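Trainee: Take a look at this one; I'll ask things after.
The values are calculated or read from the model by the stated rules, or taken from the named source; none is laboratory data. Bear in mind the structure is a predicted one, so any value in this text is a computation, not a measurement. Note that we place each Cβ from the backbone using ideal geometry, even for glycine, and neighbour counts take in every protein chain shown. These accessible areas exclude ligands, DNA and RNA; they are computed on the full protein's heavy atoms, side chains included. Shrake-Rupley method; radii C 1.70, N 1.55, O 1.52, S 1.80 Å.
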Amino acid sequence: MVAELGPDDLTHGPSAVVLGNPQGDVTVIEFFDYQCPVCRRVHPFLEQLVAEDKNVRVVHKHWPVFGASSIYAAKIALAARWQDRYEQVHHAFMSISGRLDEEKIRKAASEAGLDLARAERDLKERAAQVDQAFKQASAQAAMLKLQGTPAFVIGSYLVPGGLDLKGMKEIVADVRTKKRSGEQG
């Protein structure tokens with residue numbers, strides 16, 4: 001299924017938010033929801049992977065499946081891109097404990113340096129773009145037959161559920177080995 005979509009389909013378009021090394025030799029695609037407790041638990045591992053391996057590109061796919069608060073958080077995070085605050089807001093949202101609500105989301109975004117009034121304006125002006133990002137991520141998740149968040153696509157590997165740092169490193173190393181030997185990673 002990953003091969004059918006192709007790497008460009010998953011790494012480009014309105015739903016793809018790139019972190020890490022944009023030219024990295026291995027791409028880790030994460031479908032996630034800010035309300036997902038496993039996504040929050042995995043977040044530090046992914047951050048550590050990127051900090052330790054400067055040749056990894058991460059592509060975030062906002063797939064808010066846990067209701068209205070998840071959708072609101074994802075919208076605010078996507079709006080943070082237009083203020084160059086995405087990474088800070090993403091980290092702040094992944095650090096929220098317990099269930100999300102609008103007050104917690106707004107507080108975390110503000111503390112991460114986001115101008116909320118501007119973000120709200122941007123969301124109104126670019127509503128079609130944000131809606132397209134959600135539709136694209138949802139359609140891709142359906143094509144991959146994902147059952148929930150988190151889910152990772154690393155090379156040709158599709159990993160539903162959480163991964164620890166060791167598992168991420170092992171898959172990244174295997175993808176690199178396969179690329180060097182000419183196999184599909």
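Trainee: Filter segment 16-45 down to residues that are among the hydrophobic types (A, V, I, L, M, F, W, C), out of contact with any Phe, Trp or Tyr (no Cβ under 9 Å at 6 or more places or on another chain) and crowded, with 19+ Cβ neighbours inside 10 Å and give me whichever is nearest to Met143 (Cα to Cα).
Mentor: Filtering first and then ranking leaves Ala16.
Trainee: Does at least one position in segment 80-97 carry a residue that is open to solvent by 10 Å² or more (accessible area, probe 1.4 Å) and over 27 Å from Glu52 (Cβ atoms)?
Mentor: Yes; the residues of segment 80-97 include at least one that is open to solvent by 10 Å² or more (accessible area, probe 1.4 Å) and over 27 Å from Glu52 (Cβ atoms).
Okay, residues lined up against (1) open to solvent by less than 70 Å² (accessible area, probe 1.4 Å); (2) within 21 Å of Phe45 (Cα to Cα); (3) touching a residue at least 24 places away in the same chain (Cβ under 8 Å); (4) not in a helix (DSSP H, G or I):
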residue	(1), (2), (3), (4)
Glu103	no, no, no, no
Lys107	no, no, no, no
Ser110	yes, no, no, no
Leu114	yes, no, yes, yes
Lys124	no, no, no, no
Ala128	no, no, no, no
Ala133	yes, no, yes, no
Thr149	yes, yes, yes, yes
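Trainee: Another question about this same structure. In segment 135-145, is there at least one residue being at pLDDT 95 or above, under 21 Å from Cys36 (Cβ atoms) and touching a helix residue (DSSP H, G or I) at 6+ places or on another chain (Cβ under 7 Å)?
Mentor: no
Trainee: Determine if segment 162-169 includes at least one residue that is at pLDDT below 95, over 28 Å from Ala68 (Cβ atoms) and more than 16 Å from the chain's Cα centre (by Cα).
Mentor: no
Trainee: Restricting to segment 151-185, count the residues that are touching a residue at least 60 places away in the same chain (Cβ under 8 Å), more than 20 Å from Pro37 (Cβ to Cβ) and open to solvent by 60 Å² or more (accessible area, probe 1.4 Å). It would help to see each step written out before you state the result.
Mentor: Here is the first cut: in segment 151-185, the ones touching a residue at least 60 places away in the same chain (Cβ under 8 Å) are 151-158, 161-165, 168-169, 172, 175-176, 179, 184-185.
Those still in the list that are more than 20 Å from Pro37 (Cβ to Cβ) too: 153-158, 169, 172, 175-176, 179, 184-185.
Next cut, open to solvent by 60 Å² or more (accessible area, probe 1.4 Å) only: 157-158, 169, 179, 184.
Residues flagged as touching a residue at least 60 places away in the same chain (Cβ under 8 Å), more than 20 Å from Pro37 (Cβ to Cβ) and open to solvent by 60 Å² or more (accessible area, probe 1.4 Å) within segment 151-185 amount to 5.
Trainee: Sticking with this one: Would you call Arg118 farther than 22 Å from Pro37 by Cα and surrounded by fewer than 16 Cβ atoms within 10 Å (Cβ to Cβ)?
Mentor: Values: farther than 22 Å from Pro37 by Cα: yes; surrounded by fewer than 16 Cβ atoms within 10 Å (Cβ to Cβ): yes.
The answer is yes for Arg118.
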